[in-house]
1. Please find, among Asn105, Asn82, the residue that is among the polar types (S, T, N, Q), at pLDDT 95 or above, buried (at least 17 other Cβ atoms within 10 Å of the Cβ) and out of contact with any helix residue (DSSP H, G or I) (no Cβ under 6 Å at 6 or more places or on another chain).
2. If Gly227 satisfies every condition in (1) more than 15 Å from the ligand (Cβ to nearest atom); (2) farther than 21 Å from Thr176 by Cα but one, which is the exception?
3. Take Asp159 and decide whether it is more than 16 Å from the ligand (Cβ to nearest atom) and among the acidic types (Asp, Glu).
4. Being loosely packed, with under 11 Cβ neighbours inside 10 Å and aliphatic (A, V, I, L, M) is the filter; apply it to segment 43-67 and report the residue that is farthest from Gly31 (Cα to Cα).
5. So in segment 306-328, with the set limited to residues that are of a type in the set (Lys, Arg) and crowded, with 17+ Cβ neighbours inside 10 Å, which one is farthest from Thr156 (Cα to Cα)?
6. Can you name every residue in segment 119-130 that is out of contact with any helix residue (DSSP H, G or I) (no Cβ under 7 Å at 6 or more places or on another chain) and surrounded by fewer than 20 Cβ atoms within 10 Å (Cβ to Cβ)?
7. Any chance segment 117-129 includes a residue that's at pLDDT 95 or above, within 11 Å of the ligand (Cβ to nearest atom), of a type outside the set (D, E, K, R) and in contact with a Pro (Cβ under 8 Å, 6 or more places away or on another chain)?
8. Among the candidates Pro145, Pro111, which residue alone is more than 15 Å from the chain's Cα centre (by Cα), in a helix (DSSP H, G or I), at pLDDT 95 or above and surrounded by fewer than 20 Cβ atoms within 10 Å (Cβ to Cβ)?
Amino acid sequence: TRTPVNVTVTGAAGQIGYALLFRIASGQLLGADVPVKLRLLEIPQGMKAAEGTAMELDDCAFPLLKGIDIFDDPNAGFEGANVALLVGARPRTKGMERGDLLSANGGIFKPQGKAINDHAADDIKVLVVGNPANTNALIAQAAAPDVPAERFTAMTRLDHNRAISQLAAKTGADVTDIKRLTIWGNHSATQYPDIFHAEIAGKNAAEVVNDELWLADTFIPTVAKRGAAIIEARGASSAASAANAAIDHVHTWVNGTAAGDWTSMGIPSDGSYGVPEGIISSFPVTTKDGKYEIVQGLDINEFSRARIDASVAELVEERDAVRELGLI
Ligand code: NAI
């Protein structure tokens, strides 16, 4: 029998946590033959609710779930972690400036990065979901000098999935016919969903759509502002689709992309496509054997270049701001 994989989830008592934990425990994160042990990390005020969720997890009698432990100390929460999903974060509240937001999150992600550095397993893989996800991932990574930098990733898979869904609806294609879509840049309103290299049933997606105005004025803003549209409609933020994207991100990272396809992940830049080295930006990536590689050699047209540059400029500003705050 296989040794269980330790999965640490922060913000376990939150909305996304509630939509995420049952899917991890059912085998959807790593595979239907991989036993897991859950380590839930919360703040003291969230401990009781996390215990309630753990009771429900017990009540599912999931065959693959080999244990649940709950912590409010990051050092204990990340002990032996093979996969860490950093979901808990400090949201932007009314009147909060960007600097306040970044320092509040620095207070969470810096100690968590240090705890990962000191206590996680050697093969640790980290996905940051909590916003601002890219820069929170950068803060955690900087606090973990002994962990290879590429193990710190940020989630843009929800944006990726949203873009596939919008493109399918526009063209009447099935979502499974859409390949090679890319989210570039920051998980924020400046992100750039790129269909110029995407394919719909083997045909170039931009040629199938053949409507640059729709791209600029409808598709891109719809994908970028989808989170706000969900809040408006549901009266609560997109938790189930975010949890689904987190499952997809880790599952693809661990189990590989399909031949001829790629996915989008926020990862430390190696300088590809003119994105400054070190910032955590979304790229097209293929994955295999638990490792990812940036897809190289794509032609970037003017339309795309301007939008990638704008989102990357925002990431550089965020990096400079957290540097000034002494967070990296
Ligand atoms: P939520 O407010 O329902 O839950 C957050 C949980 O985190 C709370 O239970 C809180 O007690 C906990 N928490 C706060 N600080 C913590 C710490 N230091 N350690 C451990 N736990 C801590 O929020 P929700 O809806 O679950 O969203 C979580 C985050 O995910 C937010 O930052 C949200 O903006 C982000 N998000 C990111 C998306 C993406 O595509 N990257 C998509 C949707 C949401």
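The values are calculated or read from the model by the stated rules, or taken from the named source; none is laboratory data. Keep in mind that what you see is a predicted model, and the values were worked out from it rather than measured. Neighbour counts run over all protein chains shown; Cβ positions are idealised from the backbone, glycine included.
1. Values: Asn105 fails: out of contact with any helix residue (DSSP H, G or I) (no Cβ under 6 Å at 6 or more places or on another chain).
Sole residue among the options that is among the polar types (S, T, N, Q), at pLDDT 95 or above, buried (at least 17 other Cβ atoms within 10 Å of the Cβ) and out of contact with any helix residue (DSSP H, G or I) (no Cβ under 6 Å at 6 or more places or on another chain): Asn82.
2. (1)
3. Values: more than 16 Å from the ligand (Cβ to nearest atom): no; among the acidic types (Asp, Glu): yes.
Here the answer is no, as Asp159 does not meet what is asked.
4. Met55
5. Here is the first cut: in segment 306-328, the residues of a type in the set (Lys, Arg) are 307, 319, 323.
Within this subset, residues satisfying the condition of being crowded, with 17+ Cβ neighbours inside 10 Å are 307, 319.
Numbers: Arg307: 16, Arg319: 18 Å.
Filtering segment 306-328 for residues that are of a type in the set (Lys, Arg) and crowded, with 17+ Cβ neighbours inside 10 Å, the one farthest from Thr156 (Cα to Cα) comes out as Arg319.
6. Start the filter on segment 119-130 by keeping residues that are out of contact with any helix residue (DSSP H, G or I) (no Cβ under 7 Å at 6 or more places or on another chain), which leaves 120-123.
Ala121, Asp122, Asp123, listed by residue number.
7. At the first step, the residues of segment 117-129 found to be at pLDDT 95 or above are 117-129.
Those left that are additionally within 11 Å of the ligand (Cβ to nearest atom): 127-129.
Then drop every residue that is not of a type outside the set (D, E, K, R), which leaves 127-129.
Still in the running and in contact with a Pro (Cβ under 8 Å, 6 or more places away or on another chain): none.
Checked segment 117-129: no residue is at pLDDT 95 or above, within 11 Å of the ligand (Cβ to nearest atom), of a type outside the set (D, E, K, R) and in contact with a Pro (Cβ under 8 Å, 6 or more places away or on another chain).
8. Testing whether each residue is more than 15 Å from the chain's Cα centre (by Cα), in a helix (DSSP H, G or I), at pLDDT 95 or above and surrounded by fewer than 20 Cβ atoms within 10 Å (Cβ to Cβ) leaves just Pro111.
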